[in-house]
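Undergrad: Got a structure here, written out as structure tokens. Questions coming.
Read the figures in this text as sums done on the coordinates, not as results from a lab. Treat the numbers as computed from the prediction; the structure is a model and nothing was measured. Every residue, glycine as well, gets a Cβ built from its backbone with ideal geometry; the counts of neighbours run over all protein chains shown.
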Amino acid sequence: DPNPPSAEKMKQVKWPGLVTIFHGFNDAAIQNEFMTAVKEAGFGAFGCPEWQVEMCRSNGMLAYVFIWAHEAGTIPAKFKDNDTVLCYFVSDRIKPSKWGTWAAWEAAAYKADPHHPAIFTMNVQWGAMDQFCNIVRGRAMDYYHYHWDAGRSPATHFAMLDVLRQASLK
């Protein structure tokens, strides 16, 4: 990676063992109770909108911050020196034909905050994973892991993990 802040920061990242992206209700009192239960269940990071980053910090959890594409340059700028933020989640299951568009969102987030990756969940079954890193600066890889759902090829779970591992190594 020609951008040292990302390369150096990623060497030091301590990703939690479990991350939940379920974020409950938009009511702060209920949300805090829910977050406490999630933490007690052993999760270390919590999916949240921008307004809940402080709540994550006060509960000793990392924030997996949901942002919209149009916020890729603004919300990350607010949190670039915030140790509570784990990453920015931009979108879910983008087809390979749209990776160039996503790369622009990732670039905007990186420019605003080179210390926390912007990610989206990939569906390995669409293929082209060998091209992902050529199109998008892959600072963190997340994949559509509903392998327990019979309609989503659970028998290929480990093969899909290996496809991502190979793309990451490349």
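Undergrad: Taking 0.36 nm per intervening residue step and subtracting the Cα-Cα distance, what contour gain separates THR74 from LYS111 on full extension?
TA: Going from the current span to full extension adds 12.3 nm.
Undergrad: What FRET efficiency do you get for ARG137 and GLU33 if R0 is 45 Å and r is their Cβ-Cβ distance, rounded to the nearest 0.05?
TA: Once rounded, the FRET efficiency stands at 0.75.
Undergrad: Next up: Hey, can you grab everything whose amide H is under 5 Å from the amide H of GLY47? Only 5+ residues off in sequence or another chain; H modelled, so Pro and N-termini drop out.
TA: Amide H to amide H, under 5 Å and 5 or more residues apart or across chains, GLY47 pairs with THR20, ILE21, PHE22, TYR64.
Undergrad: Measure up LYS95/LYS170; LYS39/LYS95; LYS39/LYS111 against 24 Å on the Cα-Cα distance and list the ones that go over.
TA: LYS39/LYS95; LYS39/LYS111
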